[in-house]
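A short reminder: the numbers here are calculations on the coordinates, not readings from a lab. Please read these numbers as outputs of a predicted model, since none were measured by experiment. Cβ placement follows ideal geometry from the backbone for every residue including glycine, while neighbour counts extend to all protein chains displayed.
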Amino acid sequence: MNDLYLSKSLFIRGLQCHKSLYLHKHHPELRDETPPSREALFQSGTEVGIVAQGLFPGGIAIPYDPDNYDKQVKLTQEAISQGAATLYEAAFKFNDVFVKVDILNKGKNGWDIYEVKSSTSIKDVYIPDAAVQYYVVKGSGLSVSRVFLVHINNQYIREGEIDVKQLFTLNDVTCEVQQLQDTVAGELDTQKTMLRGDIPQIDIGPYCRDPYDCDFIGHCWQHIPDESVFDIRGSKPLPFILYNRGIVQLKDVPLHMLSANQKLQVEAALEKKIIISKEAIRDFLDSLWYPLYFLDFETFGAPIPFFDGTRPYQQIPYQYSLHYLEREGADLKRHEYLAGPKIDPREELTAKLVSEIPHNACILAYYAGFEAGVLKSLAEWFPRYRDDINAVLNNLRDLAIPFQKRAVYHWQFNGSYSLKYVLPALVPDLSYQDMEIQDGDMAMQAYFRMRGSDDANEIARLRSALLAYCRLDTLGMVRLIERLKDFAGENE
């Protein structure tokens, strides 16, 4: 193909932003490094696509070859001419546009296109995605009868082997796709014309992250200074409203345009100050008691449920850290759990957890609503532990509350009360930066790697990294309580 060829993904990129498409084609060296979370998303989508092939078993797969598009098209044509009724990843080219169709199945009235998504609903961007496939497949001479979008049914509960027909929901979008054909043809011509010219003069905008995060943000946003309007939390439209008025730096923001919390954020950032309400902090501390336990779960959510009784993307706990103080001034102690590879961790985790938390304990979590949701799921899966779990739920308190309610606000919180902002600001000697695992997404991917590994050394390394990460979350909560006591004057 020539330098102006387009694919389905490139067409969607161009719909989002012509400049992004231009940079991808002409200046790929400016692309941001792909984060592990995005790579994991791609891998998950591939796995979902393979499972969806079970909707039409016995088909012929057309292997992907990034160096030879024409070969894939030829293999597709040969399979069709030889009578194949179902093809996976069928390849077509028309008008210098190349597409791969997840599932192509011959129905009663012609060929049906099935585009598979790992989401749990139809998103607006999926329609032009399917429409450009229809444009190319039909344009290449194949009779297309219907077009379907296939997505995950998140109400499906696994029992035994995966029931593919229950796991997926099929949506007929033929009418919507056909109505877009003139638009698709026009947009393709526009994109090709654009690619022949100079780089489009397109400024940054909400489309940089909608519907997908662009991988040229580092290049296009390099003119944005530290402490800019894009640091302001609490309103998605506001930063671009200000930016489009020529207001970029925080110091230039008209305060009358801000909510009370936004004004607090901006003033604190500009003056580098910490705002403390001793009374509110004391009220929170007075709601706690000993023994005091600090709980953090690590979970995963997979589109294809691993275990019986679970739904797609349901959060499955595989690890916890539990620091605790038996009384005021006591030595800090710790329990922890991390599932071994290739097991269903739920019951083992549940039994260990409830054995380690006394019924009279106060349990602290950060964003306790998340931990509460995990605990409620465990009670549903294992009713014999329900009384013990309910005792934990009744005594669960949220350490995020004093930061959410601005009882303490540090200018380095950057308008957030996430632990990843609060902890380094208030306890700077504890940091995730030098750790192998630095956030929950990285932890989940490490757990998946550990589950799939047969290498004892790799498993040991990943276990060590996972334990260190989760341990820091609860140790951080311990240190935050100490800082709250400092602010309230209780440690003086």
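Quick notes
- Near-label residues of segment 201-237 by backbone N, under 14 Å of a point 7 Å along Cα→Cβ of Asp124: 206-212
- Ranked by how many other Cβ atoms sit within 10 Å of their own Cβ, fewest first, the residues Cys470, Cys208 fall in the order Cys208, Cys470.
- Dipole axis of the chain (+1 Lys, Arg; -1 Asp, Glu on Cβ), positive-most option in Thr474, Val132, Ile275: Val132
- Cα-based values for segment 1-67, radius of gyration first and Dmax second, are 15.4, 43 Å.
- Full-stretch length increase - Ser9, Glu271 - with 0.36 nm per residue and alpha-carbon distance subtracted: 89.8 nm
- Taken along the Cα-to-beta-carbon direction at a fixed 7 Å, the label points for Asn390 and Tyr421 span 3.8 nm.
- Acute angle (nearest 10 degrees) that the helix 440-452 long axis makes with the longest principal axis of the chain, alpha-carbon atoms: 70 degrees
- DSSP assigns beta bridges within segment 297-407; of those with both partners inside it, close to 75 percent run antiparallel.
- Only helices enter the 222 nm calculation for the chain: every DSSP H run of n ≥ 4 contributes -39,500 (n - 2.57), and dividing by all residues gives -13000 deg cm²/dmol, rounded to 500.
- Of all DSSP beta bridges in the chain, antiparallel share, percent nearest 5: 70 percent
- Long-range amide H partners of Asn153 with built H, under 5 Å: Phe168, Thr169
- Proxy reagent accessibility, fewest Cβ within 10 Å first, across Asp439, Asp182: Asp182, Asp439
- Full extension of the segment from Glu161 to Asp344, taken as 0.36 nm per residue of separation minus the current Cα-Cα distance, would add 64.4 nm.
- Computed log10 I(q)/I(0) for segment 286-383 at 0.12, 0.18 Å⁻¹: -0.41, -0.86, from the Debye equation with unit scatterers placed on every C-alpha and solvent omitted.
- Based on Cα contacts under 8 Å between residues 6+ apart, the chain shows a relative contact order of 13 percent.
- In segment 27-107, the chymotrypsin sites (Phe, Trp or Tyr not before Pro) that fall in loop regions by DSSP, at most 13 other Cβ within 10 Å: Tyr64
- With both labels modelled 7 Å from their Cα along Cα-to-Cβ, the Phe42 to Asn153 distance reads 3.1 nm.
- Neighbour-count order for Asp112, Asp210, fewest beta carbons within 10 angstrom listed first: Asp210, Asp112
- Note on Asp70/Gln438: beta-carbon distance plugged into 1/(1 + (r/R0)^6) with R0 of 41 Å gives a FRET efficiency of 0.45.
- Cα-derived Rg over Rh, computed across the chain with Rh taken as Kirkwood radius: 1.02
- Rg(Cα) / (2.2 N^0.38 Å) computed for segment 129-243, rounded to two decimals: 1.56
- Equivalent ellipsoid semi-axes, segment 1-158, via Cα gyration tensor eigenvalues times 5, rooted, Å: 25, 21, 15
- Relative contact order [Cα under 8 Å, 6+ residues apart], segment 123-221, whole percent: 28 percent
- Cα-projected label distance for Ala460 with Ile224, points at 7 Å along beta-carbon direction, nm: 4.5 nm
- Mean silhouette area of segment 280-488, derived from the convex hull of its C-alpha atoms and averaged over all directions, reads 11.9 nm².
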